[in-house]
Amino acid sequence: ISLASNLTACLACTVGDFCNASSLAAPTGPCAAGFFCPGGQVSSAPAEHQCTPGHRCPEGSAAPILCAAGSFQNQSGQSDCLPCPAGARCVLGATAPELCGPGTVSETSAGNCTACEPGYFAEGTGNAHCTACPAAAYCPTTSAGPVSCPFGSYSLGTVTACTACPAGSQCLNPAAPAACSAGTFSREGDGNCTQCANGYYSSQNASQCVLCPAGHACPGASEPVLCSPGLASSEGVAVCTLCASGTVADTQQATCEACPSGFLCSLGVVLGLCPQGQYSPAGQDACVPCEAGFECPVQSDPPVPCSPGWYSTGSATACTRCPNGQACPATDNAGAIVLCQPGEFAGPGQTTCTRCPAGGYCTNSTAANGGFVVCPAGEYSLGGMQDECTPCPPGWACPARDGLLNVACTLGTYSPGNATACTDCPAGFACPATNISAPLACAPGTYSVGLQTVCTVCAAGFACPDTDRTSTMAACTAGFYSTGYQTTCTPCPAGMACPDTTTSDMEPCAPGYFSAGELAACEACPENTYNPNAGSTALSACVECAARYLCPAGTGALTAGELCPAGAYCSNGTVTPCPAQTYNRER
């Protein structure tokens, strides 16, 4: 109103309203339901503007409104659209429902038909709901009714195709597969179960038959049953068979094998290990006692012969060792044991008694080595019944304890007894016999360089100061002598001459000579002296020559022969002729 008061001209009536009088300050009211009012309408229900089918015109409509999808209007002058019925569809602005075709459905107020899902169907038109395909049938399309499953297939419903009857089942009722019973089988799509062939078996719901396992029987092709003890069956054999004599069923009872060595078997079954002292080879039911002369430590092994020196009388797990001090020549006869005699011995496990060996003696016939005592060095034994060792006799050497190398000492050696070797007679000693207890020392004036039976006498003319060597033997020098057996040379005595060093024969100094000792020849009295005495011992025995005598060296008693000759004179033993115009007629 306030706006109009400012207008210079009247306005057309507004859309959706009508103006049925003049001098209106505002529209009279809204357009009537079922009609629409564009601008400038004078009637609330203008005939020319009646709402058409497929539309709705609520009160105050300025223009018709299309029916929404899922609704329709088949009449004019309607304020609202009708809901689309189930089994039909109503598109936008629909003037009438359109029935759904085969295979499609719709609920109320549906704008479009919906296709049935696979396994469902809708036959004909106008279906509000899809129908589930029933069991035992299939629905290849959604627009056609169900088709029965062919033999060998089944359907639990709502499927487009039947499923092949599963392996291990039968489909006599195509709506409910049933498991094959034990002893029968079926492959996929068979429809029926088939009996297993002989030697085969099956469990319930089996798709194939299986070979009857080794060690089992399969009666009626049903579940395998373990063979009874002593019976066996190989794979694919429906019955178990008793094992033959000497054989037993193996651990899987698949086959019969030789009765194991060392065991007792009967009716195809191992009854147990053979008793101690018995044995059995493989493939033999019975156990056999171990023979005399053998041992059977393990029931599964063949008998082992007793070693020499051992014996058994039968059924023995081990041979018995021959006792100490005895001999067992036979391995199968305990009565043949021999007791060792004196001088013999036997340790454990001997076939013969052993003679006590040379080189010692035996103290115990039952000891392993006879209680053998080795002879000490210097003693020997020939063995046998000897109960002690024999001392090596004097004069002998016994290097070996068995006496085989005993040897008499050679001359120049000796043995006092109990010796392994003869001792060389040492230098300075004599060994007159080989059996002496000690060598004899050489007497002074004799010597020995060793290996001598007697001492050597020091030779005449020599001195032997040592009894044990010749290197110090010395020849007597002039003026000394030795007649033998001397450790030193004897000096020639004063007044004597010793011309020979090998004898004690000596000569007294002649007149005119003297010796103070230790000289081979006496010394002559000097010239112009004389000595009338024999055996003089000093120079003092030579006296001055008398006047008128001529005394050459070595002058003894004065004689006329020593007078100075006429016609000469003598002085100091020298004859000088008288010079001219002189003479001397005396002598």
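The values are calculated or read from the model by the stated rules, or taken from the named source; none is laboratory data. Here the structure is a predicted model, which is why all the values come from computation and not from measurement. Here the Cβ positions follow ideal geometry from the backbone for every residue, glycine too, while neighbour counts run over all protein chains shown. We work out accessible area using only protein heavy atoms, side chains counted, and drop any ligands, DNA or RNA first. Shrake-Rupley method; radii C 1.70, N 1.55, O 1.52, S 1.80 Å.
When all protein chains stay in place and ligands, DNA and RNA are ignored, the 1.4 Å accessible-area order of ASP387, ASP468, largest first, is ASP387, ASP468.
Dipole orientation for the chain: of the candidates ALA32, THR503, SER203, ALA32 has the Cα lying most toward the positive pole (charges on Cβ; Lys, Arg +1; Asp, Glu -1). Amide H to amide H distances under 5 Å link GLU379 with CYS392, where only residues 5 or more positions off or on other chains count and H is placed in the peptide plane. Comparing Cα centroids, region 469-489 and region 502-559 end up 29 angstrom apart.
For GLY484, what is the net charge nearby, where nearby means another residue's Cβ is under 15 Å from its Cβ and Lys, Arg count +1, Asp, Glu -1? Numbers along the way, then the final one.
Numbers: positive: none; negative: ASP500, ASP505.
Charge balance in the 15 Å sphere: -2.
For region 248-253, 3J(HN,Hα) computed residue by residue from phi via the Karplus equation (6.51, -1.76, 1.60; θ = phi - 60°) reads 9, 5, 6, 4, 8, 6 Hz, glycine and proline entered as x.
Summing Cβ point charges (Lys, Arg +1; Asp, Glu -1) relative to the Cα centre of region 270-367 gives a dipole of roughly 340 debye. Recomputing P(r) over Cα pairs in 20 Å bins from 0, in percent from the coordinates shown identifies the correct label among (1) 17, 40, 25, 14, 4, 0; (2) 21, 54, 24, 2; (3) 11, 12, 11, 10, 10, 9, 9, 8, 7, 6, 4, 3, 0 as (3).
For the chain, averaging the sequence separation of C-alpha pairs within contact (under 8 Å, six or more residues apart) and dividing by the residue count gives a relative contact order of 4 percent.
Charge tally for PRO305 (other residues, Cβ to Cβ under 13 Å; Lys, Arg +1; Asp, Glu -1): -4. Between the C-alpha center of region 24-43 and that of region 144-190 there is a gap of 73 Å. Once backbone amide H atoms are built at 1.01 Å from N, SER79 has GLY34, CYS57 as its partners under 5 Å, excluding neighbours fewer than 5 places away on the same chain. Close amide H contacts of ALA63 (hydrogens built in the peptide plane, cut-off under 5 Å, sequence separation of 5 or more or a different chain): CYS37.
Full extension of the chain between LEU24 and ALA318 yields a length gain of 91.1 nm, computed as 0.36 nm times the residue separation minus the alpha carbon distance. In the chain, a dipole from Cβ-located charges (positive for Lys and Arg, negative for Asp and Glu) runs towards its positive end, and of THR390, SER181, CYS476 it is SER181 whose Cα lies farthest in that direction. Each Lys and Arg Cβ is given +1 and each Asp and Glu Cβ -1; about its Cα centre, region 1-153 then shows a dipole of about 60 debye. At a Cβ-Cβ separation cutoff of 4.7 angstrom, cysteine residues of the chain with no neighbouring cysteine are CYS10, CYS578.
Segment THR488..SER222, full-extension length gain: 82.0 nm, with 0.36 nm per residue of separation and the alpha-carbon distance subtracted. Across the options ALA438, GLY60, ALA547, the greatest Cα extent toward the positive end of the charge dipole of the chain (unit charges at beta carbon of Lys, Arg, Asp, Glu) belongs to GLY60. Multiplying the residue separation of ARG187 and GLU117 by 0.36 nm and subtracting their alpha-carbon distance yields 22.1 nm. Charge dipole (Cα centre; +1 on Lys/Arg Cβ, -1 on Asp/Glu Cβ; no other charges) of the chain amounts to roughly 500 debye.
Other residues with beta-carbon under 14 Å from the beta-carbon of SER536 carry, at +1 per Lys or Arg and -1 per Asp or Glu, a net charge of -2.
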